[in-house]
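> The structure follows.
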């Protein structure tokens, strides 16, 4: 059955997606701007302060997704999105006037509401499309995540042009003014081109709109989103120091690799919406969570060059040691061949300069007994040593990261496909809460990764965390689905 779609829906989707792209570009501004200002010694901010300035807009966007989503359910997307864009333009413009960390932080908190644009636009898009087309529509809208690439690619060039290559450094202040102007222009375009629409729920009281948040299902969707969106946002930032420290890449190259991770994840969200419409969001989420478990486990193996105790030689009978050399031990008349360590002759299979996909090892044994020594049965004659080399090749790692980021992009669409299916009249408030939880995941992710790195000394501890997180999600989802099926058919065994 083909449901007739309002001919205005596609225009709404196009303008909605454009507005979200602009919002996402503004949301990620500090990643470029703060780095530029510190590198050019405009401000003497510590790495801790830089981290906070990068995280504050993400936190703001997470906090305000719920109230803006709720307001969208109540009043519709046209007035709320227009208001959000205009409100964000004010602190964005004021950012050009600040000269202190606190001023920068307050303005960042203000324009961070652009991150709430997702909750508004996602709900507004769902109002215009029938259930069987909402997955693809919201997937197209969600591709606005790629707005981060606009800032990443254009902002550095604009800053360089504005400051004449750093000669007129104070001209950096024009950049936030440009961004503020674009926000105002986008608000005007949105208000003029888009017709408002509200769900049935708009006549209900605010307290009634909050009612769905009492259901565990909403929080479960939020946890899924904290993985596929929150960890996507986290690694969009975390991968830069990861590549620098683990693979010794220059900062520019590390940034390119990080962009290769983030850009496809935003665009492929469209595919995730289509897949959710065709096969169902549940099946897609099973696939997303399963592959997240597998890939994160593969990436958890650290780059290593270690020596560890290996397989030694034990005496099979008691006796006296008659002969000892690097390659042979004789006890009475029993001979024990010893594996000799290769030192002078190049071992091609083990050479560290060779290309290895999987870990390779080299094992040898060293005698620990002397001629004439009396030994007991099962006494150690030669200790074993094993040297393990794992290159964790940067290209293979990068490809795995890109694939995983793309998988999470599909998962983002699948999570939000669930919402109108279960909460058709509360998409704004439910989507807002799910987005809020996902946003908090993006804010807390780098903090958790930092503590894990500090305590374990392993950069791959972040992937171990993702493995456990993914495992919890899929186990929880599977248990809930089994329970649902049992309730639907209690007499079937």
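No lab work stands behind these numbers, since they all come straight from the coordinates. Given the structure is predicted, the values throughout are model-derived calculations rather than measurements. Note: ideal-geometry Cβ built from the backbone for every residue, glycine included; neighbour counts use all protein chains shown.
> Over the Cα atoms of segment 402-493, what is the Rg over Rh ratio if Rh follows Kirkwood? Please list the in-between numbers first.
Working: Rg = 17.1 Å, Rh = 15.9 Å.
Taking Rh as the inverse mean 1/r over Cα pairs, Rg/Rh reads 1.07.
> Could you work out [θ]222 nm for the chain from helices alone, using -39500 (n - 2.57) per DSSP H run of at least four and dividing by all its residues? Round to the nearest 500 deg cm²/dmol.
Numbers: 18 runs with 313 residues, N = 493.
-21500 deg cm²/dmol, from helical runs alone.
> What is the packing order of peptides 29-38, 306-315, taking the mean over residues of other C-beta atoms within 10 Å and listing the highest first?
Details: 29-38: 20.9, 306-315: 13.8.
In descending order of packing, they fall as 29-38, 306-315.
> Test of understanding: what is the full-extension gain from residue 328 to residue 370, defined as 0.36 nm times their sequence separation minus their Cα-Cα distance? Numbers along the way, then the final one.
Details: separation 42, 0.36 × 42 = 15.12 nm, distance 1.19 nm.
That works out to 13.9 nm of additional length.
> Right, another one. If you find the alpha carbon centre of segment 33-100 and of segment 293-341, how far apart are they in angstrom?
Centre-to-centre (Cα) distance: 59 Å.
> First check a/c for segment 387-453, with a ≥ b ≥ c the square roots of the eigenvalues of its C-alpha gyration tensor; if it is under 1.5, answer rounded, and if not, answer prolate when a/b is larger than b/c or oblate otherwise.
Verdict is oblate for segment 387-453.
> Full extension from residue 193 to residue 46: what is 0.36 nm times the residue separation minus their Cα-Cα distance, to one decimal in nm?
Details: separation 147, 0.36 × 147 = 52.92 nm, distance 4.47 nm.
That works out to 48.4 nm of additional length.
> If a/c stays under 1.5 just call it rounded; otherwise compare a/b with b/c (prolate if a/b is bigger, oblate if not). Do that for segment 41-197, with a ≥ b ≥ c from the square roots of the Cα gyration tensor eigenvalues. Intermediate values should be presented prior to the final figure.
On the way: a/c = 2.16, a/b = 1.93, b/c = 1.12.
Note, shape of segment 41-197 comes out prolate.
> Hey, what angle do you get for helix 9-27 against the long axis of the chain, alpha-carbon based, 0 to 90 degrees rounded to 10?
In the chain, helix 9-27 runs at an angle near 60 degrees to the longest axis.
> Follow-up. Nearest 0.05, what FRET efficiency do residue 287 and residue 388 give at R0 = 22 Å with Cβ-Cβ as r?
Calculated transfer efficiency: 0.10.
> Would you mind checking the tilt of helix 231-247 against the longest principal axis of the Cα atoms of the chain, expressed as 0 to 90 degrees and rounded to 10?
So the helix axis and the longest Cα principal axis differ by about 40 degrees.
> For a protection proxy built on the mean count of beta-carbon atoms within 10 angstrom, sort 463-471, 72-80, 212-220, 409-417 highest first, please.
Working: 463-471: 20.6, 72-80: 23.2, 212-220: 14.6, 409-417: 29.1.
My ranking of the peptides, most packed first, is 409-417, 72-80, 463-471, 212-220.
> When all alpha-carbon pairs of the chain are counted, what percent fall beyond 44 Å? Mind dumping the intermediate values first?
Numbers: 34672 of 121278 pairs.
The proportion of pairs with Cα distances above 44 Å equals 29 percent.
> Between residue 174 and residue 160, what length in nm is gained on full extension when 0.36 nm per residue of separation is reduced by their alpha carbon distance? Could you put the intermediate results ahead of the total?
Values: separation 14, 0.36 × 14 = 5.04 nm, distance 1.16 nm.
Roughly 3.9 nm would be gained on extension.
> A further question follows. Between helix 461-488 and the chain, what is the angle of the helix's C-alpha long axis to the longest principal axis, kept within 0 to 90° and rounded to the nearest 10?
The angle comes out near 60 degrees.
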